[in-house]
Amino acid sequence: MTPNPPRVDPALLPALRADLATSRYTVAGVTELLGPLATAALDRDQALPAQRVTASAGTTGATLVRLFALGDPVDVADVAAALPTLGVEGAVALGLVEPEGDAVVALCDLRPYAADGVDWWVASDLGEVATRRPLRENHVLGIGGASTTLASWTPRPHVDRALDLGTGSGVQALHLEGHADQVVVTDLSERALAFARFNAALDGADWDVRSGSMLDPVAGERFGLVVSNPPFVITPRSGAVPLFEYRDGGAAGDAVVRDLVRGVGRHLEPGGIAQFLGNWEVPRGSTWTERVGDWLEGTGLDAWVVQREVQDPAQYAETWARDGGHHPGTADFNGMYAAWLDDFEARDVEAIGFGVVTLHRPRTDRAVFVDLVDVPWPVESPMGPTVLAGLDARTWLAEHDDDAVLDIAWRCAPDVHEERHTVPGALDPTAIVLRQGGGLRVHLTLSTVTAAFASVCDGELTARAASAAIAGLLDLDDGEVRGEVVAFLRAAVKDGLVR
Ligand SMILES: C[S@@+](CC[C@H](N)C(=O)[O-])C[C@H]1O[C@@H](n2cnc3c(N)ncnc32)[C@H](O)[C@@H]1O
């Protein structure tokens, strides 16, 4: 039987909070307790190293890890010692645990989570590590890799109203608390919303919780920021793969993400930002930029889409057949694997892209910018400040003509370095590259002209004056040099290599 989500009892939650904090059941406390090896293994859903550490630690923090993160039965006296204010009875009353002989077992996962110096706790359904079974179709996800990716990438300006669409246990909404006056959360799953309500109450947050599909619960409303880790997993509709609510919006192909791209603009204030994760299919003979570019057509939104990963249909099927808790080689796994291959074949899909979509409603009546880029390498974390600065830079560039670009005395950012690639013994470099240390960690290949410009890009000369000097020095046409410099600046300024 699926246990019910925990209950909100305002009289008991302060006691739970106090006990969790006293036991140092916080991100810092648990990381210190487990050490790097067991922490990293647990992040990969491998419990054994954490079980070994906590079995001998003898602390109340270790008891809470065993109970709520590893799903182990724990002696009732140990649980009583770890929850002295709440008591075992209080934990039972909240629906967090139940007795099992002389032991107590957790009915949900409860983990510490932290950002920007704030400690939270997040309850969700027990995962595969704890239950040692495939996930149920109504499983409510805790904090996973996709949740932290989105949280890292989210730009965080102060906004009046923010929306977390498909909130699950409310991870994104916890982050929104710090910079939005009002936070609205939605989900199709009543079970997820019950977890979200519990977590909001436990963490002292006040969210407007709404039930319904995708944008339906916010019809006619606008926000300064919309974030979503939506149910974007492309799933065959043949019935061979269970409909896991936590990842599958029930549509065919990549329609969930397409519809969000097309529909979210109606819910953005002027200047408002929407950001979400997504998968997109790349049909044979096409490119991901064509596909996502088609979705964007006519939305009236600025778009900056970063493709982070590409899988072929088999890799995609393996990832998601395993994700539900099924193991390679079993009949269930193979059945799902085949169904995914059939589904992609039916639409002639050659590859599946994954990335971060950031959309922005312009404040003025101007042409939108559309920037679709591949960034498969590791980037800075958090990425939110880079995304916010990148949106500002792209907006400025969209609102200013080339003359305005040339009238500024630009400066290379402090994290930018020039690399010269030279064949051993040769005098002249074969390539000169400007490489960014932080942010997206992008690089630009320089020509003789743009290398000369970069070398004087220190805030002293306007780009116009520097171009004229370079044209004179290299005996080139002034207008052509200006053109090359402007093209370089537009590429460098948008990602913050030059400011
Ligand atoms: C991948 S989880 C994201 C959970 C959480 N926001 C995070 O970042 O970890 C996707 C969420 O979307 C919800 N969902 C599924 N179908 C939906 C739909 N049609 N409309 C709204 N939410 C939906 C699921 O219940 C689940 O909570």
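Please treat every number below as a calculation from the coordinates, not as lab data. Keep in mind that what you see is a predicted model, and the values were worked out from it rather than measured. Neighbour counts are summed over all protein chains in view; Cβ atoms, including those assigned to glycine, are modelled from backbone coordinates with ideal geometry.
Report the calculated FRET efficiency for T287 and T448 (r = Cβ-Cβ distance, R0 = 30 Å), to the nearest 0.05. Step by step, r from the Cβ atoms, then E = 0.45. Sparsely packed loop sites in the stretch 253-306 (the trypsin sites (Lys or Arg not before Pro) outside DSSP H, G, I, E and B with at most 11 other Cβ atoms within 10 Å) comprise R284. Sequentially through the stretch 11-24, phi angles give Karplus couplings (6.51, -1.76, 1.60; θ = phi - 60°) of 6, 9, 5, x, 5, 4, 4, 4, 5, 5, 5, 4, 7, 6 Hz, Gly and Pro residues having no value and appearing as x.
Given that compact globular proteins tend to follow 2.2 N^0.38 Å, what is the ratio of the alpha-carbon Rg of the stretch 417-475 to that value?
That ratio works out to 1.27.
Overall, the stretch 225-346 carries a charge dipole of about 180 debye about its Cα centre when +1 sits on the Cβ of Lys and Arg and -1 on the Cβ of Asp and Glu, all other atoms neutral. Dipole magnitude for the stretch 149-234: computed about the Cα centre from +1 point charges on Lys and Arg Cβ and -1 point charges on Asp and Glu Cβ, it is near 160 debye.
If R0 is taken as 41 Å, the Cβ-Cβ distance between A28 and D392 corresponds to a FRET efficiency of 0.80.
Set the Förster radius R0 to 45 Å, insert the Cβ-Cβ distance between R366 and A469 as r into 1/(1 + (r/R0)^6), and round the FRET efficiency to 0.05. E between R366 and A469, to the nearest 0.05, is 0.90. Scalar couplings 3J(HN,Hα) for the stretch 443-450, obtained by applying the Karplus form with A = 6.51, B = -1.76, C = 1.60 to θ = phi - 60°, are 9, 10, 7, 9, 9, 4, 5, 6 Hz; x denotes Gly and Pro.
Between the amide H of G439 and those of E380, distances stay under 5 Å, these residues lying 5 or more places away or on another chain, with hydrogens modeled in the peptide plane. For the chain, the relative contact order is 10 percent, taking Cα pairs closer than 8 Å that sit 6 or more residues apart in sequence and dividing their mean separation by the residue count. With Cα atoms as the point set, the stretch 50-92 shows a radius of gyration and Dmax of 9.8, 28 Å.
Computed on the stretch 1-141, the Cα convex hull volume stands at 115 Å³ per residue. The radius of gyration of the Cα set in the stretch 209-300, together with its Dmax, comes out at 14.2, 43 angstrom.
Computed from backbone phi, the HN-Hα couplings of the stretch 459-469 come to x, 8, 9, 5, 4, 5, 5, 5, 4, 4, 5 Hz, rounded to whole numbers (Karplus: 6.51 cos²θ - 1.76 cosθ + 1.60, θ = phi - 60°; Gly and Pro given as x). Here the relative contact order of the stretch 33-145, from alpha carbon pairs under 8 Å that lie six or more residues apart, stands at 19 percent.
The amide H of D374, built 1.01 Å from its N in the peptide plane, has Q307 as neighbours under 5 Å, considering only residues 5 or more places off or on other chains. For the stretch 343-451, the fraction of alpha-carbon pairs lying more than 16 Å apart is 74 percent, rounded to a whole number. Rounded to the nearest 10 degrees, what's the angle between the helix 478-494 long axis and the longest principal axis of the chain, both from Cα atoms, 0 to 90? Long axis of 478-494 versus the principal axis of the chain: about 10 degrees. Take every pair of alpha-carbon atoms less than 8 Å apart whose residues are at least six positions apart; their mean separation over the length of the stretch 262-405 yields a relative contact order of 38 percent.
Close amide-amide hydrogen proximity is noted between L107 and V97, E98, each under 5 Å apart and 5 or more residues distant or on a separate chain (H modeled in the peptide plane; Pro and chain starts excluded). Extension gain, H327 to D181, is 48.1 nm, computed as 0.36 nm per intervening residue step minus the present C-alpha separation.
Magnitude of the charge dipole for the chain, about its Cα centre and with charges confined to Cβ atoms of Lys, Arg (+1) and Asp, Glu (-1), is about 520 debye.
By the Stokes-Einstein formula, at 1.567 mPa s and 4 °C, the chain with its Kirkwood radius over alpha-carbon pairs has D equal to 52 µm²/s. What trypsin sites (Lys or Arg not before Pro) does the stretch 206-250 have in DSSP loop regions with at most 15 other beta carbons within 10 Å? Those that pass, being in a loop and sparsely packed, are R237. When the Cα positions of P157, A431, L372 are compared along the charge dipole of the chain, P157 comes out farthest toward the positive end, with charges on each C-beta of Lys, Arg, Asp and Glu. Between the helical axis of 190-202 and the longest alpha-carbon principal axis of the chain there is an angle of about 90 degrees.
Once the Cα atoms are used to define both axes, helix 48-57 deviates from the longest principal axis of the chain by about 60 degrees. Projecting the alpha carbon convex hull of the stretch 170-225 along each direction and taking the average yields 3.7 nm².
Annotation for L341 and A77: the two label points, set 7 Å from Cα along the Cα-Cβ direction, are 5.7 nm apart.
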